[in-house]
1. Going by what's in this entry, would residue 212 be described as without any contact (Cβ under 8 Å) to a residue 12 or more places away in the chain, more than 22 Å from residue 291 (Cβ to Cβ) and either surrounded by fewer than 17 Cβ atoms within 10 Å (Cβ to Cβ) or touching a Gly at 6+ places or on another chain (Cβ under 7 Å) (or both)?
2. Could you pull out the residue among 325, 220, 237, 276 that is more than 23 Å from residue 204 (Cβ to Cβ), within 45 Å of the chain's Cα centre (by Cα) and not in a helix (DSSP H, G or I)?
3. Could you tell me which residue of the range 285-300 is nearest to the chain's Cα centre (by Cα), considering only residues that are in a helix (DSSP H, G or I) and small (Gly, Ala, Ser)?
4. Can you name every residue in the range 240-262 that is charged (D, E, K, R) and either at pLDDT 95 or above or assigned to a helix (DSSP H, G or I) (or both)?
5. Looking at (1) surrounded by fewer than 16 Cβ atoms within 10 Å (Cβ to Cβ); (2) in a loop (DSSP other than H, G, I, E, B), which is the one condition that is false for residue 271?
6. Would you mind stating whether residue 122 is in contact with a helix residue (DSSP H, G or I) (Cβ under 7 Å, 6 or more places away or on another chain) and outside any loop (DSSP other than H, G, I, E, B)?
7. Go through (1) farther than 30 Å from residue 336 by Cα; (2) in the same structural domain as residue 290 (by TED's automatic domain parsing); (3) touching a Gly at 6+ places or on another chain (Cβ under 6 Å) one by one and return the number of the condition residue 140 breaks.
8. Tell me, which helices (runs of 4 or more DSSP H) lie completely within the range 1-107 with 3 or more residues that are assigned by TED's automatic domain parsing to the domain that holds residue 133, under 24 Å from residue 136 (Cα atoms) and modelled with pLDDT of 70 or more?
Amino acid sequence: MNRDGAAPTMKGGQFNTDPIAAPNEAATAALSQAEFELFAELGRPRAVEAGQVLFRRGELGTTMFIVASGAIDLDFGDDLVTKRLGPREFFGELGLLIGDHARSADAIVAGAGLLIELRHEEFQRLVDRNPGLVCHFLRRAIMRVVLNEQGLIRRLRRRNQDLEAALDSLYATTHQLNQTEELIRTDELTGLYNRRGLTLRLQESRAIGMPASLGLVLVDCDRFKQVNDDHGHLAGDRVLQAVASILRSVAGPEDVACRLGGDEFCLLVASSNAGDVMRFAEFIVATAQNLMLMPQSPPAMCPVSVGACMVDPRADWNDWYARADEALYQAKRKGGNRVHWQDAALEPV
């Protein structure tokens with residue numbers, strides 16, 4: 001605890017033990033000589049050794065201690081500063097005044113010396129002996145409690161402010177990490193998953209359990225190089241964004257649309273119905289054809305070829321891709337602007 005009481009001063013060559021002290025001094029001074037002598041007369045001396053524990057934080061106590069010699073450390077825990085008390089400083093006064101008070105700190109002997117102990121039951125004897133002196137001591141003791149509480153409130157406010165600042169920083173960092181993760185997973189031009197994003201999504205799906213069956217639709221733009229050559233890369237970018245919009249419009253909440261690279265896209269369909277997967281593929285081709293009917297210069301769409309198939313969730317991506325790529329090759333070989341299904345049970349469109 002902080003020092004309390006009024007320290008003796010020289011007056012006319014003699015110690016002045018007048019207990020009156022200024023309020024700002026009362027909460028920081030040690031016991032006056034008169035107070036120390038009164039408490040020492042009625043208290044019990046106790047020799048202590050370095051490292052000795054007088055009490056622990058949270059323990060109930062009814063005793064006040066005064067340091068006659070040596071030093072005491074009060075450890076309030078957490079990140080609060082440990083306080084060291086020296087001769088004529090006191091601690092544990094609330095135990096003396098109200099009895100069975102929970103200690104607010106660990107009291108550990110820092111330097112061997114002598115303490116004066118005053119118990120709760122001895123308080124009335126102090127009052128009877130010198131009520132004026134005890135009254136002044138009580139005023140200072142109460143003032144110290146109030147100042148300590150005010151100091152604790154300030155520290156708690158600062159800690160809350162620090163905590164709020166830390167939470168704000170954590171939120172901002174988390175937001176940045178999420179944005180970074182999104183950039184890592186997402187194709188910048190189209191907003192679809194990129195190849196890395198698709199790989200991560202598949203890893204996550206395998207960890208929680210893949211659907212029983214999946215369909216894969218592989219999309220490739222026909223004559224895309226000609227769009228770039230004739231109208232420039234900005235026009236080519238708009239075509240790619242238009243293809244991405246088609247895939248985004250047809251994809252369900254469990255489906256995954258991805259730009260694999262260049263002008264190649266894929267749609268992973270969470271369905272066990274081959275007919276549904278085929279309808280997805282046909283819709284992509286038909287939508288691209290309809291957009292091409294709208295005269296625009298430069299063109300906003302080009303024809304697309306699509307390869308589609310069912311895939312085994314237990315197999316890896318390379319097996320899926322090889323099968324869908326074979327279907328896409330067949331669609332390209334037949335002139336493009338069409339769907340080819342890699343399954344003899346369904347006739348290619």
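The values are calculated or read from the model by the stated rules, or taken from the named source; none is laboratory data. Since this is a predicted model, take the numbers as computed values, not measurements. Positions of Cβ are generated from backbone atoms using ideal geometry, with glycine treated the same way; all protein chains shown enter the neighbour counts.
1. No, not satisfied.
2. So the residue among 325, 220, 237, 276 that is more than 23 Å from residue 204 (Cβ to Cβ), within 45 Å of the chain's Cα centre (by Cα) and not in a helix (DSSP H, G or I) is 220.
3. 288
4. Passing the criteria: 248, 259.
5. Single failed check for residue 271: (1).
6. Values: in contact with a helix residue (DSSP H, G or I) (Cβ under 7 Å, 6 or more places away or on another chain): yes; outside any loop (DSSP other than H, G, I, E, B): yes.
The answer is yes for residue 122.
7. (2)
8. Output list reads 33-42, 93-98.
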